[in-house]
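**Q** Starting off with a structure, shown below.
None of the figures in this text is laboratory data; all of them are computed from the coordinates on show. Note that the coordinates shown come from a computational prediction; the quantities given were computed from them, not determined experimentally. Using ideal geometry, Cβ is built from the backbone for each residue, glycine included, and neighbour counts are taken over all protein chains shown.
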Amino acid sequence: MAHQTPLRLAIVDDEELARRVLREFLTSMPDISIVAECANGFEAVKAVADLHPDVLLLDVQMPKLNGFEVIELVGRDVAVVFTTAHDEYALRAFEVHAVDYLLKPFNAERLANALSRVRERLARHEPLPAAALAATARPPGVPSTRVLVRDGARVHVIPADAIDYVQAQDDYVAYHSEGKEYLKEQTLAEVETMLDPARFVRVHRSYVLNLDRLARVELDKRENRVATLTTGERLPVSRSGHARLTAALER
Amino acid sequence: MHPLLARLDYAAAYVGAWLVAGMLLCTSLARQGVAWADALVFVVPTFAMYGFVCLSAWYVSRAMPLTTRRAAAVATASGAAALSGGVIWTIIAELWMALLDTTPGLQGAAAVGRVQVPFLFSVAVILYLLVLSIHYVALAYEAARAAEHQQFELQVLTRDAELRALRAQLNPHFLYNSLNSISALTTVDPEGARRMCVLLGDFLRKTLKVSTLDSITIADELALVDAFIGIEQVRFGSRLTVERQIDESALACRVPPLLLQPLLENAVAHGIGGLIDGGSIVFTVVKRDGRVLLRIDNPRDPDVPPRRHGGVGLENVRRRVQTAFPDRARVEAAAEAGRFRVELNLPCIEE
């Protein structure tokens, strides 16, 4: 067999025994190096940021961050092979561009097969669109109850209730929550589809507002509408934004 | 309608049998010195008609089944039916002879008939009885077949119910994850793998055994809970611990089988499974004033909003409790910061 560069790999599973069987399979395979073993999603995000593995062997149901949330945060930087006992996530797994989907229990051949697919994928150097990952990491039709923002190796979990407003900033959006600002590579249109539309309203080209934070809407000196939040901050409201706001409040 | 008329092959066999009977009759007449041709012309058409008359035996056999009627009544009815059959044959024969009399060249056959009517009347009566007894035999055979079929169907239904109960109670992912644990243990800890196989076999056997029962004692239900927890503890290791507070006097109360199973599954999957360091499920059984209280209290990740209505498992438990103790039981579920608690308040019914 031709010599290959070792595949750098991280195991992510909250069950010790599940990690152990993967480790055992992998140690008997050539050109594999296990760079990290993670017992939860936070550790997985940290491992990707710090160690840059080529591939994650990723469980779906885990504490804190599930497998899909891990993909939403780091899916562009690493190839993913899901390992799970649940077959019902398979469709979503391929929508977020997972390379393969292994159903537990599986054998070493099946794993080797998945890893050769990973090598093929890496050889093609296909970059993945972040938007597709974020949009499909959630079950369809279910508004997010929290927003995940990655800051290097750290993950911030912002409950939707705690968001004051979201502001567009070039290729990013800034989530404003409890006096802090969290940047995420996303468009405001994606934010609108992700959050509960009954509570979050696009009041302006650059702003999505949490209705629970709205104190009043008034006209400024130049006859422009301005929303004042319970936090005291003031956001511009466009003509169409005002129509959407009125419609949402009447509901 | 008569089943013979519904199936062409049966009808053909029946007509064939009558032809054979007719030929035998002709042979016996020929032995007595009657010309073959005359015997044929007289016997075959009248007995062919009579074959259809004898199909009425089907109605007789249905109306007077051997199993429900007294033997004397059946014998009387059979005799009366056979005599009526004979009379009908005689009428057919008379009509046929009248027709033959008017046909040139066939008067000889009519003459033969006149001589043979008393003999052929008794033959007709005996044939009717024969056909009737064949109907009774067929009926008995059919009944036996139906009973066998019913028995078989019952077996299938029972097995089906068992499997459905098992499927409803047993989360397949629990099985897959357990198998994955065994797969991991085989090389590094063969003894542990074997222990896990025994635990799993034990759990499955107990589950199957109780799944079709209406109720089991809390003691038996707790044995199932222990088997389940034992397996999950292999999977989760030190992340999963259980604290039990069991009131011994409650053990004899009866509950629907596998009632606690979905609640424990939830406690493990949505409670312990969501916590990095795991935690302890507190399981309490108390008996008080003729009622039994079952409480499952588990830690959960406070950052994850609780599921609406607590999910399918809890809903099933509510329904089963409501069916088993209409208006006499309460199921309460409460999510607080970091904990989830389900409490069943049931009447204690002992056998």
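**Q** Between Rg and the Kirkwood Rh of segment B:238-351, both from Cα atoms, what is the Rg to Rh ratio?
**A** 0.98
**Q** Which lysines, if any, have their Cα less than 26 Å from the Cα of A:LYS64, not counting same-chain residues under 8 positions apart?
**A** Partners within reach: A:LYS46, A:LYS104, A:LYS180, A:LYS184.
**Q** Related question: For each of B:LEU208, B:LEU346, count neighbouring Cβ atoms within 10 Å of the residue's Cβ, then give the residues from fewest to most. Kindly include the intermediate steps, with their values, before the conclusion.
**A** Numbers: B:LEU208 15, B:LEU346 23.
In order of increasing Cβ crowding within 10 Å: B:LEU208, B:LEU346.
**Q** To the nearest µm²/s, what D does Stokes-Einstein give for chain B at 20 °C and 1.002 mPa s, using the Kirkwood radius over alpha carbon pairs as Rh?
**A** 79 µm²/s
**Q** Taking beta carbons within 10 Å but only from partner chains, what does the mean come to for residues A:102-112? Could the numbers behind the result be given before it?
**A** Values: counts 0, 2, 9, 9, 2, 1, 0, 0, 0, 0, 0.
For peptide A:102-112, the averaged partner shielding equals 2.
**Q** Using +1 at the C-beta of Lys and Arg and -1 at the C-beta of Asp and Glu, which of B:VAL60, A:LEU122, B:THR284 has the Cα lying farthest in the positive direction of the dipole of the protein assembly as shown?
**A** Going by the charge dipole, the pick is B:VAL60.
**Q** May I pose another question? What is the distance in Å between the Cα centroid of segment A:191-227 and that of segment A:7-38?
**A** 48 Å
**Q** So what's the net charge close to B:PHE228: Lys and Arg +1, Asp and Glu -1, counting the other residues with Cβ under 14 Å from its Cβ?
**A** -2
**Q** Continuing with this model, one more query. In debye to the nearest 20, how big a dipole does chain A give about its Cα centre with +1 on each Lys and Arg Cβ and -1 on each Asp and Glu Cβ? Walk me through the numbers on the way to the answer.
**A** On the way: 32 positive and 38 negative charges, 143 e Å.
Charge dipole of chain A: 680 debye, to the nearest 20.
**Q** Can you work out ³J(HN,Hα) from phi for every residue in segment B:101-112, in order, using Karplus 6.51 cos²θ - 1.76 cosθ + 1.60 and θ = phi - 60°, giving whole Hz and x for Gly and Pro?
**A** 4, 7, 9, x, x, 10, 4, x, 5, 4, 5, 4
**Q** Let me ask something else about it. Report the percentage of all Cα-Cα pairs in chain A whose separation exceeds 28 Å, rounded to a whole percent.
**A** Here the tail beyond 28 Å accounts for 41 percent of pairs.
**Q** While we're on this one: Given points 7 Å out from each Cα along the Cα-Cβ axis, report the B:ALA17 to B:LEU99 separation in nanometres with one decimal.
**A** According to this spin-label approximation, the distance is 2.5 nm.
**Q** Test of understanding: ordering B:TYR128, A:TYR172 by Cβ neighbours within 10 Å, fewest first, what list do you get? Walk me through the numbers on the way to the answer.
**A** Values: B:TYR128 26, A:TYR172 13.
Ordered from fewest to most neighbouring Cβ atoms within 10 Å, B:TYR128, A:TYR172 come out as A:TYR172, B:TYR128.
**Q** What average number of partner chain Cβ atoms lie no more than 10 Å from the Cβ of the residues making up A:58-67? Can you show the working numbers first?
**A** Numbers: counts 0, 0, 0, 6, 3, 11, 6, 0, 2, 0.
Mean number of neighbouring Cβ atoms from other chains: 3.
**Q** OK, next. Tell me the Kirkwood hydrodynamic radius of segment B:96-137 in angstroms, computed as one over the mean inverse distance between distinct C-alpha pairs.
**A** This gives a value of 11.8 Å.
**Q** Note the full-extension length gain between B:GLU315 and B:SER249 as 0.36 nm times their separation in residues minus their Cα-Cα distance, in nm to one decimal.
**A** On the way: separation 66, 0.36 × 66 = 23.76 nm, distance 2.82 nm.
Extending this stretch completely gives an extra 20.9 nm.
**Q** Under 5 Å between amide H atoms, partner at least 5 residues away or on a different chain: which partners does B:ILE246 have, H built in plane at 1.01 Å?
**A** The answer is B:VAL285.
**Q** Using the alpha-carbon centroid of each, what span in Å lies between segment B:78-137 and segment A:101-119?
**A** Centre-to-centre (Cα) distance: 85 Å.
**Q** Further question: Taking N as the number of residues in segment B:231-299, what value does Rg over Cα atoms divided by 2.2 N^0.38 Å take?
**A** This ratio for segment B:231-299 stands at 1.21.
**Q** Same structure again: Grab the other residues whose beta carbon is less than 11 angstrom from that of A:VAL45, score K and R as +1, D and E as -1, and report the net. Don't jump to the answer; show the numbers that get you there.
**A** Numbers: positive: A:LYS46, A:LYS64, A:ARG150, A:ARG154; negative: A:GLU43, A:ASP50, A:GLU69, A:GLU72, A:ASP77, A:ASP151.
Net of charged neighbours comes to -2.
**Q** Work out the charge dipole of chain B with +1 on the Cβ of Lys and Arg and -1 on the Cβ of Asp and Glu about the Cα centre, then indicate which of B:LEU40, B:GLY271, B:ALA98 is farthest towards its positive end.
**A** Farthest towards the positive pole: B:ALA98.
**Q** Tell me, how many Å apart are the Cα centres for segment B:281-297 and for segment B:182-224?
**A** Centre-to-centre (Cα) distance: 24 Å.
**Q** With no solvent and one equal point scatterer per Cα, compute the Debye intensity ratio I(q)/I(0) for the protein assembly as shown at 0.05, 0.07, 0.09 Å⁻¹ and report its log10, rounded to two decimals.
**A** Ignoring solvent entirely, the Cα scatterers give -0.48, -0.66, -0.85.
**Q** Taking amide H positions as placed 1.01 Å from N in the peptide plane, with prolines and chain starts having none, which residues 5 or more places from A:ALA215, or on another chain, fall under 5 Å of its amide H?
**A** The list, which skips near neighbours in sequence, is A:THR228, A:LEU229, A:THR230.
**Q** Please compute the average number of Cβ atoms from other chains found within 10 Å of each residue's Cβ in peptide A:48-56.
**A** 0
**Q** Answer with one residue from A:SER240, B:TYR176, B:ALA337: the one whose Cα lies farthest towards the positive end of the charge dipole of the protein assembly as shown, charges on Cβ with Lys, Arg +1 and Asp, Glu -1.
**A** A:SER240
**Q** Once phi is turned into ³J(HN,Hα) by the Karplus curve 6.51 cos²θ - 1.76 cosθ + 1.60 with θ = phi - 60°, what whole-Hz value does each residue of segment B:282-291 show in order, with x for glycine and proline?
**A** Computed from phi, the couplings for segment B:282-291 are 9, 10, 10, 10, 10, 10, 8, 6, x, 10 Hz.
**Q** In deg cm²/dmol, rounded to 500, what helix-only [θ] at 222 nm does chain A give when every DSSP H run of at least 4 residues adds -39500 (n - 2.57) and the total is split over its residues?
**A** -9500 deg cm²/dmol
**Q** Dipole magnitude of the protein assembly as shown about its Cα centre, charges +1 at Lys/Arg Cβ and -1 at Asp/Glu Cβ only, in debye to the nearest 20?
**A** Once rounded to the nearest 20, the dipole reads 1220 debye.
**Q** Here's a follow-up. Antiparallel DSSP bridges in the protein assembly as shown: what percent, to the nearest 5?
**A** Roughly 70 percent of the DSSP beta bridges within the protein assembly as shown come out antiparallel.
**Q** I need B:SER238, B:SER183, A:SER240, B:SER178 ordered by Cβ neighbour count within 10 Å, fewest first. If you can, show how the numbers build up before the last one.
**A** Working: B:SER238 9, B:SER183 20, A:SER240 12, B:SER178 23.
By the 10 Å Cβ count, ascending: B:SER238, A:SER240, B:SER183, B:SER178.
**Q** If you don't mind, another one. Would you grab the residues whose amide H sits under 5 Å from the one on B:ILE276? Only those 5+ places off in sequence or on another chain, please, with H modelled 1.01 Å from N.
**A** Residues meeting the amide H criterion: none.
**Q** List the cysteines of chain B that have no other Cys Cβ closer than 4.7 Å: which are they?
**A** B:CYS26, B:CYS54, B:CYS197, each lacking another Cys Cβ under 4.7 Å.
**Q** Also: If the only charges are +1 at each Lys and Arg Cβ and -1 at each Asp and Glu Cβ, what is the size of the charge dipole of segment B:57-210 around the Cα centre, to the nearest 20 debye?
**A** 480 debye
**Q** Here's something else I'd like to know. How would you order A:98-105, B:74-81 from highest to lowest mean count of nearby Cβ atoms within 10 Å?
**A** For the peptides A:98-105, B:74-81, the packing ranking is A:98-105, B:74-81.
**Q** For segment B:157-307, report the translational diffusion coefficient in µm²/s to the nearest whole number, using Stokes-Einstein at 25 °C, 0.890 mPa s, and a Kirkwood Rh over Cα pairs.
**A** Taking Rh from Cα pairs, D becomes 149 µm²/s.
**Q** Rounded to whole Hz and in sequence order, give me ³J(HN,Hα) for segment A:62-79 from the Karplus expression 6.51 cos²θ - 1.76 cosθ + 1.60, θ = phi - 60°, writing x for Gly and Pro.
**A** These are the phi-based 3J(HN,Hα) values: 9, x, 6, 10, 7, x, 5, 5, 4, 4, 4, 7, 10, x, 7, 9, 7, 7 Hz.
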